[in-house]
Amino acid sequence: MVDQPLIKAANLVCEHHDGTVALDDVSFEVMPGRSLAVVGPNGAGKSSLLTCLMGFLKYSGEITINGQVLTSTSVPQIRRVMTMVFQDPDDQLFMPTLAEDVAFGPNNLGLSSDQVESRVSKVLDRLNLSELRDRPPHHLSFGEKRRAALATALAMNPSILLLDEPTANLDPATRRELAEYLAGLDATLLIATHDLEFVKALCPRVILLSKGRLITEVDTSCLLQNTALLRNHRLA
Amino acid sequence: MHHSYLDKYARGTTAIHGLDARVKVLFSFAFIILIASLRASGFEFYLACLTLIAVCLIAARIPTVYLLTRSIVVIPFAGFAAISYMLTRTGGTTYWHSGPFAITSEGLIDASHLLARSWLAVSCMIILVNTTPFDQILKAFRTFRLHSILIMLLSFFYRYLYLLWDESERMQRARNLRYFGGKPEKQFAMLGHLVSSLFLRTYERTERVQMSMLSRGWDGSAAHVKLKPFTLQNVLNLVIGFSLLIILWWISTW
Ligand SMILES: Nc1ncnc2c1ncn2[C@@H]1O[C@H](COP(=O)(O)OP(=O)(O)OP(=O)(O)O)[C@@H](O)[C@H]1O
Ligand SMILES: [Mg+2]
């Protein structure tokens with residue numbers, strides 16, 4: 001049997017509340033285990049694409065996640081298997097302590113308190129955050145917040161994980177560790193980023209957005225060799 | 001602002017913290033209704049209430065200074081009402097008057113009652129939120145069939161209060177970076193801009209925080225917060241609590 005795509009977007013047009021059109025006729029697919037990167041200059045619509053896939057923006061066209069069409073009724077079900085890490089970690093973190101913030105998602109999944117606690121400890125441990133578990137998340141350093149935001153999403157054990165600029169503000173060692181960690185996950189990733197090294201380590205395919213339009217979808221190695229294309233779209 | 005500005009001690013382990021959330025919520029609201037509904041009450045009544053508050057503070061290990069600094073918030077609100085009471089009530093000895101306004105002994109007494117009662121009510125609430133985790137209070141409201149929209153509003157208020165504060169700190173910092181004094185009227189206009197964009201920015205941030213909650217499976221039900229069954233011990237505690245309130249009421253009739 002041929003695998004069906006985990007994410008399928010067809011003729012996606014999507015606008016913000018104030019009418020700004022952020023995506024214009026975008027179509028692509030993500031196959032299971034084949035993580036995809038979304039690259040493009042500032043304002044290209046990368047963040048908008050991810051928020052739209054999570055069902056937070058008005059759109060026309062069709063989004064199918066894991067075989068389910070994204071509608072207002074299917075969206076709670078979809079968010080149990082697909083979650084997102086926002087570009088700004090301050091948008092992601094809101095509980096009084098880091099541990100509570102990480103526990104928020106698993107609690108909503110209806111796990112027992114023991115299961116929740118074991119997930120929280122495991123994720124915090126993997127991301128070197130155990131010492132910060134009782135600190136208020138909005139008083140962490142920016143890089144720590146970024147890892148904390150990631151921890152809150154990973155604790156959901158998602159099969160699809162959308163990451164918006166996951167490496168911004170991380171020191172080089174943390175960035176490398178993050179790439180290794182994500183590569184070892186069982187989840188399929190959709191990563192919006194400017195960090196081409198990171199893309200090379202994690203995603204075999206890339207889509208290039210510019211001004212809300214899909215310019216091309218290629219293998220990562222091809223994109224990296226095409227200096228003219230990279231320069232044209234402010235990626236090099 | 002720290003997340004726990006209003007409920008720093010909520011996760012304590014004293015006997016008061018261990019009481020059932022429903023018992024504490026019922027008692028607190030009954031206490032507030034009692035002090036709000038008494039028209040005239042003597043010095044003994046306030047002394048008794050103050051004693052009750054002091055006992056709770058000590059038992060729950062909440063510092064007095066903490067209660068005092070947090071309860072200052074009543075001053076602008078109750079103070080405004082108290083001043084209008086003071087200037088408009090007639091009766092008793094008149095100390096001063098001008099046009100429709102007068103300061104009389106009755107007015108002064110009414111105003112001080114109002115201030116004292118507002119302070120007691122706010123202190124009671126501060127003790128409640130500092131002895132009961134907020135999600136348990138919400139859960140207790142839910143068992144009392146409070147409307148779910150109201151509960152949702154409360155939970156958002158609790159979560160977003162610190163966002164408003166943080167956002168305003170950030171904006172002030174950004175302003176001070178590029179601001180070197182100016183005419184008062186200009187400053188005033190700038191303050192207006194600052195406040196309006198503060199609300200807009202906070203509103204947008206709350207929207208994004210809500211996205212983050214939704215993308216982690218939140219549906220507003222706080223399904224994971226579970227209260228234990230209501231036991232005989234809880235009933236007994238409630239009876240003791242309400243007996244205290246009856247004694248307070250009786251003192252107020254002296
Ligand atoms: N909340 C919003 N309301 C209105 N327009 C918005 C909003 N957020 C983004 N936009 C607009 O939508 C377009 C796409 O923005 P988006 O944030 O998706 O870009 P991006 O590719 O993520 O950029 P960056 O690399 O800077 O993060 C931009 O023109 C932007 O101005
Ligand atoms: Mg972005």
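Each reported figure results from applying straightforward, stated rules to the coordinates on display, with no laboratory input. None of the values given here were measured: they were computed from a predicted structure. Positions of Cβ are generated from backbone atoms using ideal geometry, with glycine treated the same way; all protein chains shown enter the neighbour counts.
Structure values in brief
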quantity	calculated
Spin-label model distance (nm) - A:Asp25 vs A:Thr227, 7 Å beyond Cα toward Cβ	3.3
A:Ala168-A:Lys211 pseudo-label distance in nm [points 7 Å out on the Cα-to-Cβ vector]	2.3
Where trypsin sites (Lys or Arg not before Pro) in DSSP loops with at most 14 other Cβ within 10 Å are excluded, longest remaining stretch of chain B	B:62-144
Contour minus Cα-Cα distance for B:Ile109 and B:Phe230 (0.36 nm per residue)	39.3 nm
Modelled label reach - A:Ser141, point 7 Å along Cα→Cβ, segment A:149-170 residues with backbone N closer than 17 Å	A:149-150, A:167-170
Estimated FRET transfer efficiency (A:Gln68, A:Ala236; beta-carbon r; R0 30 Å; 0.05)	0.20
Cα centroid separation - segment B:90-125 against segment A:121-181, whole Å	56
Likely footprinting exposure, B:Ile251, B:Ile240, fewest C-beta neighbours within 10 Å first	B:Ile240, B:Ile251
GNM result for chain B, Cα springs below 10 Å: residue of B:Phe27, B:Phe77, B:Phe188 fluctuating most strongly	B:Phe188
Averaged over A:94-101, number of beta-carbon atoms from partner chains that fall within 10 Å	4
Pair B:Ile246, B:Arg175: separation of 7 Å Cα→Cβ label points (nm)	5.6
For chain A, built as a Gaussian network whose Cα springs stay under 10 Å, the top-fluctuating residue of A:Leu109, A:Leu224, A:Leu49	A:Leu109
For segment A:74-173: rounded, prolate or oblate by the Cα gyration tensor [a/c cutoff 1.5]	oblate
Summed residue charge, Cβ within 14 Å of A:Leu111's Cβ, Lys/Arg positive, Asp/Glu negative	+3
Inter-centroid distance (Cα atoms) of segment A:12-76 relative to segment B:181-254, Å	35
Eligible lysines near B:Lys226 by straight Cα distance, threshold 19 Å, same-chain separation 8 or greater	B:Lys24, B:Lys139
